[in-house]
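The values are calculated or read from the model by the stated rules, or taken from the named source; none is laboratory data. Here the structure is a predicted model, which is why all the values come from computation and not from measurement. Cβ sites come from the backbone with ideal geometry, for glycine too, and all protein chains shown count toward neighbours. Accessible surface is based on the protein model in full, side chains and every heavy atom, while ligands, DNA and RNA are left aside. Shrake-Rupley method; radii C 1.70, N 1.55, O 1.52, S 1.80 Å.
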Amino acid sequence: MIQVIGNYYALQTINTTYAFRVMETGHLEHLYYGGKLTLRNEEDFGALCEQWAMAPGNTIAYDDDNNLSLENIRLEFSSRGKGDFREPAIGLEYKDGSFTSDFVFERAGVITEKPEYETLPSSYDDGSFAEMPTQVLKIELKDKNSDVRIELYYSVFYETDVITKMTLIKNDSDNDVIIDRIMSNQLDFGDSGYVFTSFNGAWTREFGRNDNLLKSGKIVNSSNTGVSSNRANPFVMISKPGADEDTGSCYGFNLIYSGNHYECMEISPFNKTRFVQGINPEGFRFRLKAHDTFEAPEAVMTFSDEGFNGMSRNMHTFVREHIVRGNFKHKNRPVLLNSWEACYFDISEHKLLNLAKKAKDVGIELFVMDDGWFGKRNDDTSSLGDWSVNTSKLPNGLSGLSKKIKALGLEFGLWVEPEMVNEDSNLYKRHPDWVLRNPATAHSKGRNQMILDLGKEQVRNYITDTMSEVFGSCDVSYVKWDMNRNFSDVFSQGDIPSGEVYHRYVTGLYSVMKNLTEKFPEILFEGCSSGGNRFDLGMLCYFPQIWASDNTDAMCRTKIQNGLSYGYPQSVMGSHVSASPNHQTLRRSFLDTRFNVASVGLLGYELNLCDLPSEELKKIRDEIKLYKSIRDTVQWGTFFRGRSFDNGNICEWTIVSKDREDAVTVLIQKEAVPNMPTRKVYIKGLEPSERYTIVNTDASYSLKDFGDLVNMILPVHIKQDSWAYNTLDKIKKLDGEKENITGYGDAFAKAGIFLKQGFAGVGYNENTAYFQDGSSRMYLIKKN
């Protein structure tokens with residue numbers, strides 16, 4: 001709901017209020033963003049306004065009245081040159097060389113239909129989710145000294161407690177203007193002492209949570225790699241100290257953009273806090289031609305006074321209902337097997353079909369052929385760009401392989417990396433000028449490959465045409481779209497200025513993805529960029545799921561998926577069970593832990609089923625059967641974080657079905673603690689006054705897990721790894737503990753549940769849990 005009372009504006013969601021006003025000078029003063037307020041008249045709004053008598057010392061007086069300094073005002077939209085020395089929302093350079101802008105209010109209006117961008121993706125409202133349609137407040141600002149205008153669109157997603165901002169720069173003058181900075185969001189707080197939380201990392205260790213209490217100065221989270229990056233995701237949080245998963249004030253911010261981004265929180269000399277988010281100014285310098293318009297990425301924000309879980313629930317719902325779109329928006333995702341860690345580049349039709357037969361036998365629904373199927377692609381040094389089938393590997397082509405896969409009762413998927421080219425490729429030999437590089441200097445490659453210049457129309461057309469030919473040549477149900485390097489030597493061999501290359505690459509990519517997803521609406525696209533190097537809302541507007549990390553180690557994935565869950569729902573996270581030892585860490589881990597972690601996401605497998613013993617294949621078959629029975633809940637339910645590895649030894653996740661009839665809880669332990677038998681689980685999100693029963697999934701354990709201790713209970717001594725020991729292990733397993741506890745939902749959440757004790761070195765029986773380093777449990781909860 002949008003309130004307009006005189007010069008005051010309030011954006012009301014179901015639980016939050018965002019308020020600002022037009023000042024006498026024409027600037028927009030931010031008044032409040034937080035829990036819902038009652039605002040009925042100008043007097044109510046006036047109570048939120050600051051009162052000034054004169055400008056503080058050593059500041060710039062805005063005008064001759066000398067009672068106002070923009071440096072000490074909470075502004076909605078700031079610029080350079082008029083005395084506000086904080087991070088500005090916009091930076092322009094005019095024809096005469098001036099950097100000064102002064103944007104003031106011109107007009108406002110409420111519109112009933114959410115606008116769409118032409119060059120960028122944006123959020124949407126198709127009316128299917130909420131009774132109250134999204135309302136949009138349009139504010140128009142004009143620079144006092146030029147004919148440049150700003151259009152601000154505030155979209156209010158009432159039911160999800162989310163507000164978005166769209167910013168357009170309109171050059172209505174007869175002269176070009178240089179944009180060297182445009183932030184999509186600016187939020188000024190009247191106080192300081194907030195915690196800034198970012199999610200940082202690197203390849204195979206994405207989304208590590210970092211909390212920084214800012215008392216002075218500024219803190220920046222940004223990417224200058226050309227993509228949204230595994231180094232610093234664009235999703236960030238701002239919270240009051242003491243906020244935890246379920247209590248306290250927390251703001252969440254994100255950007256619908258897949259390129260270089262910038263988030264900054266700054267404390268002013270007057271103890272006010274400013275947050276800005278937008279395109280990274282580094283490497284950005286865009287010439288806006290006369291009578292042209294520039295679209296800044298849409299910014300997303302939410303607030304909750306129910307801690308980080310409350311904020312995450314808002315974001316999760318928003319992403320599911322207003323970012324992800326198309327045929328797979330609410331469709332259950334298949335359990336897949338990816339060939340990569342089973343075969344790497346060494347693929348053949350015979351090998352793939354053998355793998356697919358095993359996949360079908362254990363209950364897999366989708367078989368994905370990864371890299372190595374085209375050109376002379378036997379390693380990562382050649383053939384990117386040459387999207388023709390290697391018939392020595394696939395003599396019947398993609399069509400023949402896909403038909404055989406489908407005949408087994410599986411869907412067929414394949415891997416592509418269309419944005420890249422190898423120097424050793426026919427495409428590069430034909431079109432060296434299609435690559436982002438300066439031909440006059442040496443080029444620094446990443447993974448032996450170069451980046452195609454998607455700012456060029458002929459490059460975009462080539463990718464669209466070749467991918468259309470590939471996808472149309474076979475019966476393909478799924479495509480993994482990869483992008484395995486960051487940008488270097490950023491230079492377009494054409495007429496695109498270097499300061500525009502990054503942004504025009506991103507808009508070019510969106511154009512390609514839009515064309516292909518509209519042309520092939522029945523294909524499930526999964527984004528990937530060396531894992532989570534481009535996990536962002538921009539990609540999710542076209543691809544309904546993204547591969548979270550190339551690291552499939554269960555302990556690492558626990559931290560990665562926990563971090564990812566703050567801003568993104570589990571229904572968009574690709575997560576696979578892989579081999580032990582793991583290929584990224586060489587860590588050995590339990591199969592049930594690998595499954596439990598991967599199941600809190602979009603379950604897949606990525607290992608050589610042909611090499612597994614029958615016992616492991618049976619366990620995988622049972623896992624997949626279980627997953628299918630809980631798929632609706634784990635993919636689409638409400639996600640709650642409990643304890644985490646960030647501050648302890650236990651990570652705890654609960655996903656509750658939409659109707660709160662059932663839930664799934666996963667408990668993961670980092671390492672065993674000696675003589676600490678007490679075990680407990682907290683289950684959040686259930687109906688407080690309803691009774692539920694919790695049981696764990698069945699498990700049994702090898703005698704080998706207990707080593708020489710088995711001789712404490714056997715009538716005769718047997719040697720480890722002897723024939724007798726191995727034979728006994730095949731015919732005798734030790735049953736795990738069984739839980740069956742009934743209670744009320746509020747007790748499960750607040751008091752927690754004491755579980756059967758863990759092994760503590762003094763004995764083992766059916767009432768003792770084998771709960772060691774890397775152990776986990778899955779608990780199934782049903783309403784009585």
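The apolar share of the surface of the chain, taken as the fraction of accessible area on carbon and sulfur atoms (1.4 Å probe, ligands and nucleic acids excluded), comes to 47 percent. Placing unit charges on the Cβ atoms of the charged side chains and taking the dipole of the range 653-784 about its Cα centre, the candidate lying farthest along the positive direction among Phe759, Leu728, Pro677 is Pro677.
Charge dipole (Cα centre; +1 on Lys/Arg Cβ, -1 on Asp/Glu Cβ; no other charges) of the range 1-52 amounts to roughly 240 debye. When you filter the chymotrypsin sites (Phe, Trp or Tyr not before Pro) in the range 132-221 for DSSP loop state and at most 11 other Cβ atoms inside 10 Å of their Cβ, nothing is left. Full extension of the chain between Asn515 and Asp489 gives 6.5 nm of extra length, using 0.36 nm per residue less the Cα-Cα distance.
Taking a threshold of 19 Å on the Cα-Cα distance, which of the pairs Lys331/Lys619; Lys376/Lys519; Lys684/Lys783 fall above it? Going by Cα-Cα distance, Lys331/Lys619; Lys376/Lys519 fall outside the 19 Å limit. Coupling constants for the range 321-329 follow from the phi torsions by the Karplus curve (6.51 cos²θ - 1.76 cosθ + 1.60, θ = phi - 60°), and in residue order they are 9, 10, 10, 5, 8, x, 5, 9, 3 Hz; glycine and proline get x. The H on the amide N of Ser529, modeled in the peptide plane, is under 5 Å from the matching H of Met483, Arg534, each at least 5 residues off or on a different chain. The Asn711 and Asn354 beta-carbon pair, evaluated with R₀ = 35 Å, returns a calculated FRET efficiency of approximately 0.25. Amide H to amide H, with H built 1.01 Å from N, His261 comes under 5 Å of Ser223, Asn280, counting only residues 5 or more places away or on other chains. Calculated [222 nm] ellipticity per residue, helices only, for the chain: -6000 deg cm²/dmol; basis is -39500 (n - 2.57) per DSSP H run with n ≥ 4, divided by all residues, nearest 500.
Direction-averaged projected area, Cα convex hull, the range 219-283: 5.4 nm², rounded to one decimal. For the pair Asp433 and Thr742, a Förster radius of 45 Å applied to the C-beta separation gives a FRET efficiency near 0.05, rounded to the nearest 0.05.
Using only side-chain charges placed at the Cβ, +1 for Lys and Arg and -1 for Asp and Glu, the dipole size of the chain relative to its Cα centre rounds to 2520 debye.
Over every Cα atom in the chain, the radius of gyration and the widest Cα-Cα span, Dmax, amount to 28.2, 99 Å.
Taking 0.36 nm per residue of separation and subtracting the current Cα-Cα distance, fully stretching the chain between Thr112 and Thr441 would add 113.2 nm.
Taking other residues whose beta carbon is less than 12 angstrom from the beta carbon of Arg437, and scoring Lys, Arg as +1 and Asp, Glu as -1, yields -3. When each of the peptides 634-644, 372-382 is scored by the mean number of other C-beta atoms lying within 10 Å of its residues, the order from highest to lowest reads 634-644, 372-382. Phi-derived couplings, Karplus 6.51 cos²θ - 1.76 cosθ + 1.60 at θ = phi - 60°, listed residue by residue for the range 334-347: x, 7, 10, 10, 9, 7, 4, 6, 8, 10, 6, 7, 7, 10 Hz, with x used for Gly and Pro.
For the peptides 433-445, 128-140, residues were scored by their other Cβ atoms within 10 Å and the scores averaged per peptide; the highest-first order is 128-140, 433-445. Residue ranges 301-314, 327-340 sort as 301-314, 327-340 when ordered by packing (mean number of other C-beta atoms within 10 Å per residue, highest first). The range 476-500 and the range 137-182 have Cα centres separated by 28 Å. Distance from the C-alpha centroid of the range 660-738 to that of the range 350-394: 38 Å, rounded to the whole angstrom. For trypsin sites (Lys or Arg not before Pro), the sites in the range 48-124 that DSSP calls loop and that have at most 16 other Cβ atoms within 10 Å are Lys95. Solvent-accessible area per residue in the chain equals 38 Å², computed with a 1.4 angstrom probe and all protein chains kept.
Quick one: grab the alpha carbon gyration tensor of the range 435-574, order the square roots of its eigenvalues as a ≥ b ≥ c, and give me rounded if a/c is under 1.5, else prolate or oblate depending on whether a/b is larger than b/c. The shape class here is oblate. Each residue of the range 602-609 was assigned a 3J(HN,Hα) from its phi angle through the Karplus curve 6.51 cos²θ - 1.76 cosθ + 1.60 (θ = phi - 60°); the sequence is 9, 5, x, 10, 8, 7, 8, 4 Hz, with glycine and proline shown as x.
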